[in-house]
Each structure stands twice: as C-alpha cells, then as structure tokens.
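Before any comments, here is the structure.
The values are calculated or read from the model by the stated rules, or taken from the named source; none is laboratory data. Predicted, not measured: the structure shown is a model, and the values here were computed from it. Reconstructed Cβ throughout: ideal geometry from the backbone, glycine too, with neighbour counts over all protein chains shown.
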Amino acid sequence: MTELLVLPDGIGAVTAAFIVLATMATSMVGAMFGVGGGTILLAVLAVLLPPVALIPVHGVVQLGATGVRAVLLARHINRATVLPFVAGSAIGSALSGVMFFQFFPPWLIQYAVAAFIAWSVLGAMPAIGRRHILFAGAFSGFLTILFGATGTFVSAFVKSMNMPPLRYVATHATLMSLQHLVKIVVFGVLGFAFGPYALLITLMLASGFVGTVIGRNILLSMSEKRFKPVLNAILLVLALRLAWQATEGLLAA
C-alpha cells in the first residue's frame, strides 16, 4: 500500500510537478482544439518517464480525459461504430502488446514515438469509411500500444463518416476511451505494474480534469488558425528531442 503514496523510482518532486502541470496544459489544448493535447503530453512524458512506462501511464491519463467528454455527450454517440471498433482494437492491441514486450528495446520505442509525432504533424491521414470499422479498430489498436496517441488517426476515421459536430465529438471520445481501456488491460495482463505510478497518475488525472474545465471556458486570445503553427512547431521540437535521446540510448547499447 505504501507504494500508492509515493512517487515512482527516478521521478523526483520537481519532475512530478512538471508532469502534472504539463497534463493540465495539454488537457486545456485538447479541450480547446479537439486534438493535439494527447500527442503533446505523449512527447513530454517520453522525455521524462522510463520508455516501458510511457504508453501505459499515458493511456490511463487519456482514458480519464476522453472518458469525461464521452459521458457528457453520451446521447450523441454513434453506437453502431462501437462494437466492431472495440473488437478490432482488442485484436490489434493484443498482437502489438506481445511484440512490444518481446521485440522492442527502449531506444527503438523512443524512435518510433518520435517518428509518429512528426508524422502526425507533417503527414496526411487516410480517410476510412463505415465499411472498415473493424479494420480501423485493429490498425489503431496495434498502433496505440506502440505509439500511445492515435487520436489523430481515429479522428480522421470518424470524420470520414460525415457526422454532425456533436455526434463526431461524442463518437471520437467514446472510441478513444474504449481503446485506452483495452490498452490498459493489455498492459496489465502482460505484466506492467501500475501500482508504483498510482500517485503520479492520480495527480495527473486531477490536473487533467482541471485543465479540461479551464480549456472549455477560457476566452482564447488567438484563433485556432494562428495557434496551429505554434502547436506543430512544439510537437516537432519535442520529436527531435526524443529522437536525440533515442540516439544516445542506441549508442550506449
């Protein structure tokens, strides 16, 4: 029980405070602009957490963020997408989870996350329609174990179904929540110990909730159009920092 009241080994009070504040700030971004918050948080955590803990901890925090949004908009969910998407996510996550623990050294995970972050800024997401929900769930489920923040891919999938705004937001939040839940279960089954991170995760969830509330109510001083280049620049800088850290790990291996 004592491990539930202390920070993980290697995470000092200053680092933990920075992580908590970063969670609040990125939750504000996610609430204000719909996307970007989870990816920025992933990039920040990738520099501060052990690689093996990165995706599981990020998944729990993002489950809290998207879960609140899904509950608030529950009556607008496109329920026909839920079952096939979750089934696909379970298949893809299970396969990817086995590969994650058996075949990927920490530096390779860092390279992969850095590449994914850069791709989310510079690449173009494919459009996926209603007939490929199971495939979209499996593919994004495979990616979420390795890269964590697949919200951009799932967002493109939901957007391609041409839903009204409220239905789009509600469905995206629901699918992401369920995929994060599947991911957490997979990591738990495969042996990741969430206990040592319980205090840090609790603080992150609380600060994320506060950030979401602030983000929904703040009067923005700049438009989304002006903000987007700044957001992309931050993501690319963090991706480069992570790639450099991965190179150091590779050279030391």
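For residues in segment 31-54 being closer than 15 Å to G211 by Cβ and in contact with a Lys or Arg (Cβ under 9 Å, 6 or more places away or on another chain), which is surrounded by the most Cβ atoms within 10 Å (Cβ to Cβ)? Taking the candidates together, the pick is G36. Looking at M24, M99, just one residue is more than 24 Å from V158 (Cβ to Cβ) and surrounded by fewer than 17 Cβ atoms within 10 Å (Cβ to Cβ), and that residue is M99. Tell me which residues, restricted to segment 155-168, are surrounded by fewer than 20 Cβ atoms within 10 Å (Cβ to Cβ) and within 17 Å of the chain's Cα centre (by Cα). Listed by number, the residues that qualify are S155, A156. The number of residues in segment 123-153 that are part of a helix (DSSP H, G or I) and either modelled with pLDDT of 80 or more or surrounded by fewer than 24 Cβ atoms within 10 Å (Cβ to Cβ) (or both) comes to 18.
Examine segment 214-223 for a residue that is modelled with pLDDT of 80 or more, in contact with a Ser or Thr (Cβ under 9 Å, 6 or more places away or on another chain) and in a helix (DSSP H, G or I), and state whether such a residue exists. Taking every residue of segment 214-223 in turn, at least one turns out to be modelled with pLDDT of 80 or more, in contact with a Ser or Thr (Cβ under 9 Å, 6 or more places away or on another chain) and in a helix (DSSP H, G or I). Pairs meeting the criteria (first residue in segment 229-244 and in contact (Cβ under 8 Å) with a residue 60 or more places away in the chain and of a type outside the set (A, V, I, L, M, F, W, C), second residue assigned to a helix (DSSP H, G or I) and crowded, with 17+ Cβ neighbours inside 10 Å, beta carbons under 7 Å, at least 6 apart or on different chains) are N232/V121.
The set of residues in segment 81-98 that are aliphatic (A, V, I, L, M) and touching a residue at least 40 places away in the same chain (Cβ under 8 Å) comprises V82, V86, A87, A90, I91, A94, L95, V98.
Against the list (1) in contact with a Pro (Cβ under 6 Å, 6 or more places away or on another chain); (2) modelled with pLDDT of 80 or more; (3) not aromatic (F, W, Y), the condition A70 fails is (1).
Would you pick out the residues in segment 190-205 that are of a type in the set (V, I, T) and touching a residue at least 24 places away in the same chain (Cβ under 8 Å)?
As a first pass, look at segment 190-205 and keep what is of a type in the set (V, I, T): 201-202.
Across segment 190-205, the qualifying residue is only I201.
So the check is Cβ under 7 Å with 6+ separation or different chains; which pairs have a first residue in segment 47-76 that's closer than 12 Å to L181 by Cβ and a second one that's among the charged types (D, E, K, R) and surrounded by fewer than 22 Cβ atoms within 10 Å (Cβ to Cβ)? Correct list of pairs: empty, since none qualify.
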